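Reviewing the structure listed below.
The values are calculated or read from the model by the stated rules, or taken from the named source; none is laboratory data. Here the structure is a predicted model, which is why all the values come from computation and not from measurement. As a convention, Cβ positions derive from the backbone with ideal geometry for all residues, glycine included, and neighbour counts pool all protein chains shown. What goes into the accessible areas is simple: the full protein's heavy atoms, side chains included, and nothing from ligands, DNA or RNA. Shrake-Rupley method; radii C 1.70, N 1.55, O 1.52, S 1.80 Å.
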Amino acid sequence: MTGTTPSENKILVTGAASGLGKYIASHIDCVAMTRDNAEEIFNRYKHSRFDLIIHCAFNSSKKVNNYYKILEDNIFLTKRLVSLSHTKFVFLSSIDVYREEDSIYKTTKLMAESIVGKEASNALILRASAIVGPAMRKNSLVKIIEDKNPKISLSKNSTFNYVLQSDILSMIQISAKNNYSGILDFVASENVRLEDIANYFNKQVDFGEYTYETPSISNRTLQAKFPPAWYTSLGNIQRFLKE
């Protein structure tokens, strides 16, 4: 955790041990909350005020054996965070909320969104697509980029929409400066097929049978607020490799 008091660090970032939360916490001066230090932070700052809370933490386990843990990590934590005194609250949600089929992940994201929308101050909910950045888990994209002979379980026609960790941080900073609020779909201007990614990297990929389809979502509203949203998913992959 960087710093000691909200007077020095007026931003709180959750999920700071990995993924997007770790990226954001490493690039700004903030109080970095992880699973291990959450109670300490709640106790230390319960009478303080944050200028901005960026809530990235989320238990996205697909196989659920402990439903209470899912509630604790996703719903109860969000409820506790909005109770902290703050000026602005940003919640990282997902475009998976648009999927027709129900899932624990979709349902808990929508529940957390409802808490933020009703109880947080000046709330911005970013419904993001697949996020590309440092220390990504070994997903299909990483296998295609890094492996000599990639083998993945998804079919060549599977589609994804990729956005950058760095762009999400920039958008959060812009939103705080310009007082943006509400729900905003944070997606690239165009999806990409895994086959097209494989062709771009000139890789012979052993594809699987299951076709994963990412919802096609317009980002015109985002483009008006954030010009880099004009980039396509493939364009964002190219940008990431240059970062």
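Brief remarks follow.
- Karplus-derived 3J(HN,Hα), 6.51/-1.76/1.60, for each residue of the stretch 23-40, Hz, glycine and proline x: 4, 5, 4, 7, 10, 9, 7, 7, 8, 9, 9, 10, 4, 6, 10, 4, 5, 4
- Averaged over its residues, the chain has an accessible area of 52 Å² per residue, based on protein heavy atoms and a 1.4 Å probe.
- Three-way shape label, the stretch 168-243, alpha-carbon gyration tensor, a/c 1.5: prolate
- Annotation: amide H-H contacts under 5 Å for L12 (H modelled 1.01 Å from N, sequence separation of 5 or more, or interchain): V31, L52, I53, I54.
- Annotation: extensible slack from E40 through D102 equals 18.8 nm (criterion: 0.36 nm per residue apart, minus Cα-Cα distance).
- Cα shape, the chain, gyration tensor, a/c 1.5 rule: prolate
- Net charge dipole, the chain: roughly 240 debye, given to the nearest 20, about the Cα centre with Cβ charges of +1 for Lys and Arg and -1 for Asp and Glu.
- Peptides 62-71, 199-208, ordered by how many other C-beta atoms sit within 10 Å of their residues on average, highest first, read 199-208, 62-71.
- 5 angstrom amide H check on S93, placed H, neighbours 5+ away: L126, R127, A128
- Separation of the stretch 181-226 from the stretch 14-49 is 30 Å, based on Cα centroids.
- CD proxy at 222 nm, helix term only [per DSSP H run n ≥ 4: -39500 (n - 2.57); per residue of the chain; nearest 500]: -10000 deg cm²/dmol
- Centre-to-centre separation between the Cα atoms of the stretch 68-115 and those of the stretch 126-144: 20 Å.
- Between S61, S85, S93, the residue with the greatest mean-square fluctuation in the GNM of the chain (Cα pairs under 10 Å linked by springs) is S61.
- Kirkwood analysis of the Cα pair distances in the stretch 146-188 returns a hydrodynamic radius of 13.5 Å.
- Whether the stretch 1-137 is rounded, prolate or oblate, judged on the alpha carbon gyration tensor where a/c under 1.5 counts as rounded: prolate
- Carbon/sulfur fraction of accessible area - the chain, other protein chains in place, 1.4 Å, %: 48
- Per-residue Karplus couplings for the stretch 89-97, computed as 6.51 cos²θ - 1.76 cosθ + 1.60 with θ equal to phi - 60°, are listed in order as 10, 10, 10, 8, 9, 8, 6, 5, 5 Hz, Gly and Pro entered as x.
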